[in-house]
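What follows is one structure encoded as structure tokens, with my remarks underneath.
The values are calculated or read from the model by the stated rules, or taken from the named source; none is laboratory data. Remember, predicted model here, so these are calculated numbers, not experimental data. Because the Cβ atoms are built from the backbone with ideal geometry, glycine has one as well, and the counts that use them run over all protein chains shown. For the accessible areas, the whole protein counts, side chains as well, though only heavy atoms, and no ligand, DNA or RNA atoms are used. Shrake-Rupley method; radii C 1.70, N 1.55, O 1.52, S 1.80 Å.
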Amino acid sequence: MDLFEAVKNRRSVRNFTDQPVSEDDLNKILEAANDAPSARNKQPWRFIVIKNKQVSENIAVEINKKLDHIYEKAQQETNQNIIEKVNHYRTPFTFFKRAPITVAVIMTKYEGTGLSKLVGVDSSVYRSDLQSVSAAIQNFLLAAHALSYGSCWMTGPLIAHPEISNILNLKNDEQLVALLPLGKYALTPKKKPRKTFEQVTSYID
Ligand SMILES: Cc1cc2nc3c(=O)[nH]c(=O)nc-3n(C[C@H](O)[C@H](O)[C@H](O)COP(=O)(O)O)c2cc1C
């Protein structure tokens, strides 16, 4: 598939068929993610491929528990805005469990190791770890699309990040960045509208 076609036609997919993901395709997608650029070529990522449905379910349960807790508190405080938001986000935060596979993207946190660190520049300006991992995620999504799989970059689940980190046995210097469900899909979601590139570009001649 042509790169521009892949970029143009990729969609966030939220409904999956039961068709399994072939080991070969999964490896190609992970290899594409791993081929992303990273600051100082540190590759501050690792991927946990969750094939066990019970583990996906356990993660979804933790997210729902978190939402229940927020909902109860909002009810006590009669905060209608939060009550409506919680109800709205339940599915967008947990639909990964419908996919045959979910890949958890894990970042090894670091606060800059080059000149910026030596001279004490605020590391939050760089977030080189997160920028690098984001490039890997985009590669993953494009590779999945090129092989006719659907996926979706999901950060909603991070609402329960301590509990998910526990389930996934993450180390202290690691952070869950996103969940990426992966599977075949029956219906292609509509293209979401975009601002034009002219609207978001300015030139300094
Ligand atoms: C950082 C990030 C986090 C996202 N988190 C979620 C999420 O938790 N749940 C969800 O349904 N979609 C999530 N999305 C998908 C966006 O909603 C989607 O990319 C956007 O609406 C554009 O649609 P498209 O991907 O089909 O072009 C996320 C996307 C990004 C880049």
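Condition first: part of a helix (DSSP H, G or I) and either more than 13 Å from the ligand (Cβ to nearest atom) or of a type in the set (F, W, Y) (or both). Now tell me which residues in segment 87-107 satisfy that.
N87, Y89, F93, F95, F96
Looking at segment 169-178, can you tell me whether even one residue there is outside any helix (DSSP H, G or I), on the phi < 0 side of the Ramachandran plot and open to solvent by 90 Å² or more (accessible area, probe 1.4 Å)? It would help to see each step written out before you state the result.
Our first condition is that a residue be outside any helix (DSSP H, G or I); within segment 169-178, this holds for 169-178.
The next check asks that each one be on the phi < 0 side of the Ramachandran plot; those that pass are 170-178.
From what is left, the residues that are open to solvent by 90 Å² or more (accessible area, probe 1.4 Å) are 171-172.
Yes, there is a match, as at least one residue in segment 169-178 is outside any helix (DSSP H, G or I), on the phi < 0 side of the Ramachandran plot and open to solvent by 90 Å² or more (accessible area, probe 1.4 Å).
Residue under question is T17, and the condition is that it be closer than 24 Å to K191 by Cα and either open to solvent by less than 60 Å² (accessible area, probe 1.4 Å) or assigned to a loop (DSSP other than H, G, I, E, B) (or both); does it hold? Steps first, please.
Numbers: closer than 24 Å to K191 by Cα: yes; either open to solvent by less than 60 Å² (accessible area, probe 1.4 Å) or assigned to a loop (DSSP other than H, G, I, E, B) (or both): yes.
So T17 passes the test.
Only one residue in Y89, Y71 is open to solvent by 50 Å² or more (accessible area, probe 1.4 Å), among the aromatic types (F, W, Y) and more than 20 Å from the chain's Cα centre (by Cα), so which one is that?
Values: Y89 fails: more than 20 Å from the chain's Cα centre (by Cα).
Unique residue meeting the criteria: Y71.
Could you grab me the full set of residues in segment 136-157 that are away from the ligand (no atom under 12 Å from the Cβ) and surrounded by fewer than 21 Cβ atoms within 10 Å (Cβ to Cβ)?
Listed by number, the residues that qualify are N139, A146, L147, S148.
Please verify whether segment 25-45 includes one or more residues that are farther than 12 Å from A143 by Cβ, at pLDDT 95 or above and within 16 Å of the ligand (Cβ to nearest atom).
yes
Of the numbered conditions (1) open to solvent by 90 Å² or more (accessible area, probe 1.4 Å); (2) closer than 17 Å to I50 by Cα, S202 fails exactly one; give the number of that condition.
The one condition S202 does not meet is (2).
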